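No value in this document is a laboratory result; all are computed from the given coordinates. If you're wondering where the values come from, they're calculated on a predicted model, not measured in any experiment. Because the Cβ atoms are built from the backbone with ideal geometry, glycine has one as well, and the counts that use them run over all protein chains shown.
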């Protein structure tokens, strides 16, 4: 399979569509909801044992934000296309995306 192949023509396995792409989607949703993630984390650190009771509002806001992005078909499609590009690059080079990203010099 060539890296220049049309990403719409790529056949994905069940694990890719049901596990790997949704994992990317969750990571992107966390980035998009970073402010709410931070507010929830801050509340939990400040509340200690009582966080279950004291952080309900922050938890609800975080869940709502994440759910909006989880259900966004446009974001899912973006993640799918990104996954396919990474897969094609792996097939072309034999190097996983994580390894390619980690090859930057540490002294930057």
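I'd like the FRET efficiency for residue 45 and residue 86, computed as 1/(1 + (r/R0)^6) with the beta carbon distance as r and R0 of 41 Å, rounded to 0.05. Could the numbers behind the result be given before it?
Working: r = 34 Å, r/R0 = 0.84.
Taking R0 as 41 Å, the efficiency between residue 45 and residue 86 is 0.75.
According to the square roots a ≥ b ≥ c of the eigenvalues of the Cα gyration tensor, what is the shape class of segment 39-101, taking rounded for a/c under 1.5, prolate for a/b larger than b/c otherwise, and oblate for the remainder? Oblate, because a/c is 1.5 or more while a/b does not exceed b/c. For segment 1-84, the mean projected area of the C-alpha convex hull, equal to one quarter of the hull surface, is 6.8 nm².
Can you give the FRET efficiency to the nearest 0.05 for residue 72 and residue 9, using r as the Cβ-Cβ distance and R₀ = 22 Å? Could you put the intermediate results ahead of the total?
Numbers: r = 24 Å, r/R0 = 1.09.
Calculated value: 0.35.
Here 16, 9, 38 are placed in order of increasing Cβ neighbour count within 10 Å, fewest first, which gives 9, 38, 16.
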